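Participant: Pasting a structure here, questions to come.
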Amino acid sequence: MHMIGLIGGMSWESSAEYYRLLNEGARARLGATASARCLLWSFDFAEIEALQHAGDWSRLTERMVDAARRLEAAGTDLLLICTNTMHRMASDVQSAVAIPLIHIADPTAERIVAAGFRKVGLLGTAFTMEHDFYKGRLTELYGLEVIVPDADDRATVHRIIYDELVAGRIEPASREAYRAVIARLVDAGAEAVILGCTEIMLLVRQEDSAVPIFDTTAIHADAALDHALATDARIDAAQRTIT
């Protein structure tokens, strides 16, 4: 198995899920005693969150590039950014290293297209739902029509992520709120829903949605294992172009 580099801590709640999923996946594929070869660079999310809400994406990019370079120098063969929002600087991260970065949107979109869906709802942070770095990739590279909740629902989804999920709080009332948001996306024509924040899977399950949900955390981890177990992970994963 090739070495997987994880840029995590954004938040550590979802990074722990990545670690669990990677190791469970390695066991399922390779045998009962197998586990994933990985290295984790974990940020203090309090610092990251402050810069996000200050809109200081330049400093955030510098930190992400530094983490990627450190993981590459430590011997990793491929990289994961363990958060959807920070894929805003995926191109800069990929340009800074020679090893491939697996973009979280790509395996997610591939599964959606393979399942025959074209119009999808997107849940995530306000940055992911409102900026074009994520929605644009889904549309331009995969032909998906992406719809997001209205302004009030976006505020609710964002607040629950930052006030509760990153702090390890799973509130029944918030699950009900997400169910209502998902139902409105379905009413607006969504054929499936993307859990486009790596913490949302802590709160929402398939039974909370009338249409299929695509959990980016689980899909991303599974794609990493595919590449880590490929004959040449560097060449295989490099086929994904970061634009």
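The values are calculated or read from the model by the stated rules, or taken from the named source; none is laboratory data. What you see is a predicted model; the values in this text were computed from it and never measured. In this analysis, Cβ positions are derived from the backbone assuming ideal geometry, glycine residues included, and neighbour counts consider all displayed protein chains. Only protein heavy atoms, including side chains, enter the accessible area calculation; ligands, DNA and RNA are left aside. Shrake-Rupley method; radii C 1.70, N 1.55, O 1.52, S 1.80 Å.
Participant: Evaluate region 3-14: report whether one residue or more is of a type in the set (Phe, Trp, Tyr), surrounded by 22 or more Cβ atoms within 10 Å (Cβ to Cβ) and closer than 20 Å to GLY196 by Cα.
Facilitator: no
Participant: What are the residues in region 146-184 that are closer than 18 Å to THR83 by Cα and small (Gly, Ala, Ser), if any?
Facilitator: ALA167, GLY168
Participant: Looking only at region 107-165, count every residue that is farther than 18 Å from VAL186 by Cα, touching a strand residue (DSSP E or B) at 6+ places or on another chain (Cβ under 8 Å) and β-branched (Val, Ile, Thr) and tell me the total.
Facilitator: Number of matching residues: 3.
Participant: A further question on this structure: Would region 22-41 turn up any residue that is among the aromatic types (Phe, Trp, Tyr) and under 17 Å from the mean Cα position of the chain (by Cα)?
Facilitator: Yes, the conditions are met somewhere in region 22-41.
Participant: Next question. Limited to region 16-53, what total is found for residues that are touching a Gly at 6+ places or on another chain (Cβ under 8 Å), farther than 20 Å from PRO100 by Cβ and surrounded by 18 or more Cβ atoms within 10 Å (Cβ to Cβ)?
Facilitator: Result for region 16-53: 3.
Here is a yes/no grid of residues against (1) in contact with a His (Cβ under 6 Å, 6 or more places away or on another chain); (2) among the hydroxyl-bearing types (Ser, Thr, Tyr); (3) over 30 Å from ALA155 (Cβ atoms):
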| residue | (1), (2), (3) |
| --- | --- |
| TYR19 | no, yes, yes |
| LEU30 | no, no, yes |
| THR33 | no, yes, yes |
| TRP41 | no, no, yes |
| GLU49 | no, no, no |
| ARG59 | no, no, no |
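Participant: Tell me, please, whether a residue that is open to solvent by less than 20 Å² (accessible area, probe 1.4 Å), on the phi > 0 side of the Ramachandran plot and modelled with pLDDT of 95 or more can be found in region 61-73.
Facilitator: no
Participant: Which of the residues spanning region 114-127 are open to solvent by 50 Å² or more (accessible area, probe 1.4 Å), of a type in the set (A, V, I, L, M, F, W, C) and more than 18 Å from ILE182 (Cβ to Cβ)?
Facilitator: ALA114
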